């Protein structure tokens, strides 16, 4: 029985080693300077947030007995 590609080792190809600093520079990332950098308007109202939190709590405790 022959293999389709004799050079294929079954492992992903090796990538060149790149430092964290080089990866960050390539993505043009900036450091987080304050919590405001992380702020997002995910929920339109406090009620919507409360519904989400209640749902999440209920799902996490659904099969706990």
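No lab work stands behind these numbers, since they all come straight from the coordinates. Small disclaimer: the values here were computed from a predicted structure and weren't measured. Quick reminder, even Gly has a Cβ in these numbers, built from the backbone with ideal geometry, and neighbours come from all protein chains shown.
Some notes on this structure:
- Tail weight of P(r) past 17 Å, computed on alpha-carbon pairs of the chain, percent: 74
- In this label model, residue 14 and residue 44 are separated by 5.4 nm, measuring between points 7 Å along each Cα→Cβ vector.
- Relative to the longest principal axis of the Cα atoms of the chain, the long axis of helix 46-60 makes an angle of roughly 60 degrees.
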